[in-house]
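Each remark here refers to the structure printed beneath this line.
The values are calculated or read from the model by the stated rules, or taken from the named source; none is laboratory data. Computed from a predicted structure; not experimentally measured. As a convention, Cβ positions derive from the backbone with ideal geometry for all residues, glycine included, and neighbour counts pool all protein chains shown. Side chains included, ligands, DNA and RNA excluded: accessible areas come from the protein's heavy atoms. Shrake-Rupley method; radii C 1.70, N 1.55, O 1.52, S 1.80 Å.
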Amino acid sequence: MIEVSGVRVALGRLDGDERHELATVRDATLRKLHLTAGDVVAFELRRRSVDARKKADIVLTYTVRLQLVGRANAERQLLQRLKRRHADRGVSLVDELPYRLPTGIHTARDLRPVVVGAGCAGLFCALALAEAGLAPLLVERGDDATRRTKAVAHLNKTGELDPESNIQFGLGGAGTFSDGKLTTGTKSPAHRFILEALADAGAAQHILWDAKPHVGSDVLPQVVERLVQRIEAAGGEVRCRTRMTGLELSHGAVRSVTLESRDPQTHILREERLATDRVVLATGHSARDVFELLHSIGVTLERKTFAMGVRIEHLQTDIDRAQYGPSAGHPTLGAAPYKLAQHLEDGRGAFSFCMCPGGFVVAAASEPEGVVTNGMSLSDRAGTNANSGLLANVFPTDLPGDDVLAGVELQRSCEQAAYATGGGGFVAPAQLVGDFLQKTPSSAAGSIEPTYPRGVAWGSVDGCLPSYVTDALRTAIPRMERQLKGFAAADAVLTGVETRSSSPVRVTRDESGQALGIAGLFPCGEGAGYAGGIMSAATDGLRAADWVLASL
């Protein structure tokens, strides 16, 4: 198969129709290679990115793969012809083996592995273990996608929080209600498999080639339900509303887990001790009770750098103009994203996080009397506002004492301060950027209406965050204005607080993927401190499954 990178198509040749786009890219590729349509038996789009460095002349750049009539011989001959003409730049032969799940490896074990947490790490770990014949049990403290969606809507409407089923907890994990961005800074042969699994489960096909793919929080609940069906079809079992409350260790090895479940209809509580010698911890960054449990039984934890801050909202049309100039609004481009970062003189970083084009700020609390914000977009990204986390680093050295869970306590104190500042009912504190920079409380919105569903209390966000965070944000915002015109607009909205971008704790693991000194305990994903988004967490879940299999 031939891979061709750097196929460029001017934006003006596209009209937003995917079939027309594919045909246009195919024609451009054939011209580049001096081929005709009859020479090609298969054509596949592999990557699409937007080159908007010249706002008046935006170009889309593609990587494609094609198979020729005559297969390998014809493809080698084509590459030789191109080399003789010095026209082979960006053209290569590829013969890579696709990532495959192990199948039918172990089918005669009495003890099945337990995967705790059904976010992206847990789902893909359980899928791999099920395909391998291990009949894993996947437990999730929150609800299935349908009940969870209702619980989120109930909080938004009434201010009544279900601590077990919310934007943090439930099938699909926190990523289900945060736009479903699939970008990652890591590389792995598993990435293509993960994208294909999500597409097979109902995500749009364009996630297979977009440079910045996303699924959308309106589509993800159905996608994760279909992943569960795939796990169950392979022999796994999935239980929602089931929480791990105990982990028994003996002689440096896992012996059992204690599970607590509540029937959603009768509300009867059931406790079960389940013997197992393999537990995968994929509990996410908000399962604070799990950190406390692990700490109490002697599992090695360590502090790690995390980040806190606020959500910042702009009009999406302003972001589009800043990014795309006169081409803003073109149907092929859609709502424009951005990614900003500043490295400050004191060594602290300030950066945008989980940017949601055409999206909404969401109420992401999981504990009573604690306000947490996050962002999400629907699949069409058609909302009026753009929003992003605006965060600054919190280093282990910023934390008092030597308590390994001090970062968790800092998060919680900031969330409780935001709740109090908002006046209760999960109303969030908010401030205009211009007032924030001048250290002046705000009294009303400007041209941008905040989208946080529980409403906002205008004032100051300073009292909700450590001064080193707010100072870093004040320094970074004017500098980010130089990166993205309009970012420091006076009436852009800051809504507090965003505290759950990553885990403040790492569950230390060794080269075999097991917790230090504890056989059979495999920490993985964001909560364990080894991932930072859907793709990296799913990849780490697959890696954990490989480690489980290797340990057998």
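Listed values, structure above:
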{"read-out": "Matching residues in the range 124-144 - criterion: being closer than 21 Å to D162 by Cβ and buried (at least 24 other Cβ atoms within 10 Å of the Cβ)", "value": "L138, V139, E140, R141, G142"}
{"read-out": "Selection count, the range 532-550, where residues are open to solvent by 40 Å² or more (accessible area, probe 1.4 Å) and farther than 18 Å from A197 by Cβ", "value": "3"}
{"read-out": "Residue match in the range 296-305 (condition: on the phi < 0 side of the Ramachandran plot, assigned to a strand (DSSP E or B), open to solvent by less than 40 Å² (accessible area, probe 1.4 Å) and not hydroxyl-bearing (S, T, Y))", "value": "yes"}
{"read-out": "Residues satisfying the stated conditions in the range 156-180, i.e. buried (at least 22 other Cβ atoms within 10 Å of the Cβ) and in contact with a strand residue (DSSP E or B) (Cβ under 7 Å, 6 or more places away or on another chain)", "value": "I167, F177, S178, D179, G180"}
{"read-out": "Residue that is surrounded by the fewest Cβ atoms within 10 Å (Cβ to Cβ) [pool: residues in the range 396-426 that are aliphatic (A, V, I, L, M) and not in a loop (DSSP other than H, G, I, E, B)]", "value": "A420"}
{"read-out": "Candidate set from the range 447-462 (those that are touching a residue at least 40 places away in the same chain (Cβ under 8 Å) and surrounded by 15 or more Cβ atoms within 10 Å (Cβ to Cβ)); member that is farthest from Q416 (Cα to Cα)", "value": "I448"}
{"read-out": "Search result, residues across the range 1-55 that are among the polar types (S, T, N, Q) and either more than 18 Å from H330 (Cα to Cα) or open to solvent by 30 Å² or more (accessible area, probe 1.4 Å) (or both)", "value": "S5, T29, T36, S49"}
{"read-out": "Residue in the range 371-395 that is surrounded by the most Cβ atoms within 10 Å (Cβ to Cβ), counting only those that are under 21 Å from A350 (Cα atoms) and over 18 Å from the mean Cα position of the chain (by Cα)", "value": "V394"}
{"read-out": "Among the candidates G6, G16, residue that is in contact with a His (Cβ under 9 Å, 6 or more places away or on another chain), at positive phi and either in contact (Cβ under 8 Å) with a residue 60 or more places away in the chain or aliphatic (A, V, I, L, M) (or both)", "value": "G16"}
{"read-out": "Among (1) in a strand (DSSP E or B); (2) more than 18 Å from Y530 (Cβ to Cβ) - the single one V280 does not satisfy", "value": "(2)"}
{"read-out": "From R147, R89, R65, R76, residue being open to solvent by 10 Å² or more (accessible area, probe 1.4 Å) and either part of a loop (DSSP other than H, G, I, E, B) or under 23 Å from G533 (Cα atoms) (or both)", "value": "R89"}
{"read-out": "Scope the range 470-513; condition surrounded by 24 or more Cβ atoms within 10 Å (Cβ to Cβ), under 23 Å from the mean Cα position of the chain (by Cα) and among the β-branched types (V, I, T); matching residues", "value": "T495, V497, T499, V505, V507"}
{"read-out": "Residue that is within 22 Å of the chain's Cα centre (by Cα) and β-branched (V, I, T), where the choices are V279, V299, V310", "value": "V310"}
{"read-out": "Condition check for A430: within 15 Å of V371 (Cβ to Cβ), open to solvent by less than 10 Å² (accessible area, probe 1.4 Å), in a helix (DSSP H, G or I) and hydrophobic (A, V, I, L, M, F, W, C)", "value": "no"}
{"read-out": "Residue count, the range 210-236 (criterion: open to solvent by less than 50 Å² (accessible area, probe 1.4 Å), touching a residue at least 40 places away in the same chain (Cβ under 8 Å) and in a loop (DSSP other than H, G, I, E, B))", "value": "8"}
{"read-out": "Index of the failed condition, Y468 passing every other in (1) of a type in the set (F, W, Y); (2) touching a residue at least 40 places away in the same chain (Cβ under 8 Å); (3) within 26 Å of G383 (Cβ to Cβ)", "value": "(3)"}
{"read-out": "Looking only at the range 514-531, and only at residues there that are under 17 Å from the mean Cα position of the chain (by Cα) and of a type outside the set (D, E, K, R), the one that is most open to solvent (accessible area, probe 1.4 Å)", "value": "Y530"}
